[in-house]
Protein chains: 2
Amino acid sequence: MVKIKILDDTLRDGQHALSHQFTPDQVAEIAGRLDKTGVDAIEVGHGNGLSGSSCQYGIGYASDEEYLTAAASVLKHAKLAIIVLPGIGTRENFEMAKRCGVQIVRVSTQITEADIAMQHIEMAKKMGFETRAILTQAQVLDVEATVRQAKLMESYGADVVYLFDGSGYMLPGQIRERFTAMKEALNVPIGFHGHNNLQLALANSLVAIECGAEHIDTCLKGFGAGAGNCPTELLVAAANRLSIETGIDLFEILNIGDELIVPLMPRPMDLTSDCLMLGYAGVYSSFRLFAQRAAEKYGVDSRKVIAEVGARKCTEGQEDLCIDVAYEMSKAAKEER
Amino acid sequence: MVKIKILDDTLRDGQHALSHQFTPDQVAEIAGRLDKTGVDAIEVGHGNGLSGSSCQYGIGYASDEEYLTAAASVLKHAKLAIIVLPGIGTRENFEMAKRCGVQIVRVSTQITEADIAMQHIEMAKKMGFETRAILTQAQVLDVEATVRQAKLMESYGADVVYLFDGSGYMLPGQIRERFTAMKEALNVPIGFHGHNNLQLALANSLVAIECGAEHIDTCLKGFGAGAGNCPTELLVAAANRLSIETGIDLFEILNIGDELIVPLMPRPMDLTSDCLMLGYAGVYSSFRLFAQRAAEKYGVDSRKVIAEVGARKCTEGQEDLCIDVAYEMSKAAKEER
């Protein structure tokens, strides 16, 4: 029987959907309930990871230390995980995480920049963390280049290598090619993290599992950035049907989502046109508001701004480009008249 | 280049989500906008098809004739379609449909009962309709039996044969097996109609297309029974990415959904636990309220009622069985104490 390990990411990716305003009490309550279900790991923190709380990414309700302490106080079975982006998280953060009882550190870079993860991975390993590597915006590289970046991560010592489809852009065929090739090329386990901008987070997770992925990220009720993630309860349901073992009770995981997450959700995780466009174009959800504001300012269609930003393969940190794109569109439209 | 034909089912399946209360004016406005996009066909009527308006299924806001006349008055490009369930729709209904300008009649039966469609298909053919056959609750038969029922429909004269996954139960692997076998065995085109109870409506539609399905049903914003259908705009987006031709402009189809459907939606098409359970268990959405009421009456878990109803392979018309199931569960629980 195939077994997979679920990392529940509600308390980290869900922060994006809540403007990073989970309280430590909520974190403790949700983590405590999740801990008893059999999830393998629970990721906690600011949406952008260690030291993510900032004017740029949004100020968190609590500090990393407060969040991690709250979660660690209730965990008996599940491993406590954090994410770190090189350039934001530092050695001091890792030491704090260690003191708080964190077991898994996930080092995340754009898929084109695996090399900047080396120091962080080596440091985390030395400090005794289970260390996992994440390649985000996975769609911008072809299969061969993807495998090359994944092997770099393995060479630095990563215990697991994930592809993240943060824009919810990838189609099942793209997942199949990449996971088949990674499974073949790597010795360490591989993982997947999907978003639902094209309502393919579950379908893509199932393809990844079929191709050998052992680690899947999910969020309760899909509560996460953009159109949300693969819902934890949905993956458990599909896994039951396919005789894939998750160790998680379906009814209890449904209960937790309904009792603790639904009341917190500022909006339902349905598929808005904006979210669909982000997935269609391969644009990260952090661009959405920028595109809307720029489109309004220059009197153009925000969806077309998103499409153009996608065509230019913009990545996180380049959100201001929406202004240039909207300005150029407006200028071109005037010249046409 | 692969081409598919989209039948937009918003004005028929969407009736379920609106308690059959579309007005003829709304039908005319939505059909008129859809007509210009390049959809192949637009299905209109009561959610349960011709003569579906009744105490049992819900009284429609308008009569079949009023709906069809409203739609026919605006259509210039798309074909006007209706659905009919043998045992409900009659010859008189067909004659009225003909007068109203209906071009496509879709005759729908449970997948185990293709034989009861013979007379209706033959009659529709004789009257000059393009006649399509629908096999619902497709999951209850294995691949071989599915093909047998599909071939029966073909032998009666069906111009297209569809599988309907009305409970949103089927997994991509089940779709692949069935459509591969049907494509091999049938001479007429095949089609798919998926629901989103496991967030697989798009993924399953794409698998069906890959295996040779040429006809796909969709609804604007996914607005339909239960967890809703494959969203029209989402299939267009995915088809664009895969170079599958739909003939439909993505931005205009997004506009129609946002301008005309979103304001009518009583609730967002997000994935509630009830809908997920229906998909998990393979139970049609008409059971949902029955299960909830019975569970409340007998103090048991409505989700477990749904799971049991699914295990017993109940089909539409057997909704009262929820009472028996809930009663038995309550009795068993008392005996355990």
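Remarks
- Rounded to the nearest 5, the antiparallel percentage of DSSP beta bridges internal to the protein assembly as shown is 5%.
- Note on A:LYS126: lysines with a C-alpha under 19 Å away, same-chain residues under 8 apart excluded, are A:LYS79, A:LYS98.
- Theoretical FRET efficiency, 1/(1+(r/R0)^6), r = Cβ-Cβ of B:ASP115 and B:SER54, R0 41 Å, to 0.05: 0.95
- On the beta carbon distance between B:HIS77 and A:THR180, with R0 = 45 Å, the FRET formula returns roughly 0.60.
- Ranking by accessible area, most exposed first, for B:MET118, A:MET269 with a 1.4 Å probe: B:MET118, A:MET269
- Computed helical MRE - 222 nm, chain A, DSSP H runs ≥ 4 contributing -39500 (n - 2.57), nearest 500: -13000 deg cm²/dmol
- P(r) weight above 20 Å for the range B:273-336, C-alpha pairs, percent: 16 percent
- Heavy-atom accessible area, probed at 1.4 angstrom with all protein chains present, ranks B:HIS215, A:HIS77 as A:HIS77, B:HIS215, highest first.
- Candidate residues B:TYR284, B:TYR61, A:TYR162: accessible-area rank, largest first, probe 1.4 Å: B:TYR61, B:TYR284, A:TYR162
- Within a Gaussian network of chain B (alpha carbon springs, distance under 10 Å), most fluctuating of B:GLY52, B:GLY317, B:GLY282: B:GLY317
- Among beta bridges from DSSP that stay inside chain B, the antiparallel ones total about 5%.
- With Cα atoms, 0 to 90° folded angle of helix A:288-298 axis to chain A main axis: 10 degrees
- Shielding of B:195-202 by partner chains, average beta-carbon count, 10 Å: 5
- Calculated diffusion of chain B, Stokes-Einstein form, Kirkwood radius summed over Cα pairs, 37 °C and 0.692 mPa s, µm²/s: 165 µm²/s
- Based on C-alpha pairs under 8 angstrom that are at least 6 apart in sequence, the range A:170-233 has a relative contact order of 35 percent.
- Legend: mean number of C-beta atoms from other chains within 10 angstrom of residue C-beta atoms, peptide A:310-322, equals 0.
- Peptide A:238-244 - average C-beta neighbours from other chains (10 Å radius): 3
- Computed accessible area, A:ARG12, all protein chains, 1.4 angstrom probe, square angstrom: 10 Å²
- With the whole protein complex present, A:ASP270 retains an accessible surface near 40 Å², based on a 1.4 Å probe.
- Entries in B:LYS3/B:LYS76; B:LYS76/B:LYS125; A:LYS5/A:LYS313; A:LYS313/B:LYS221; A:LYS334/B:LYS221; B:LYS313/B:LYS334 that, when Cα-Cα distance is taken, lie over 30 Å: A:LYS5/A:LYS313; A:LYS334/B:LYS221
The values are calculated or read from the model by the stated rules, or taken from the named source; none is laboratory data. It should be emphasised that the depicted structure is a prediction, and the values quoted were computed from it without experimental measurement. Every residue, glycine among them, receives a Cβ derived from its backbone with ideal geometry; neighbour counts consider all protein chains shown. Protein only, heavy atoms only, side chains kept; ligands, DNA and RNA dropped before computing areas. Shrake-Rupley method; radii C 1.70, N 1.55, O 1.52, S 1.80 Å.
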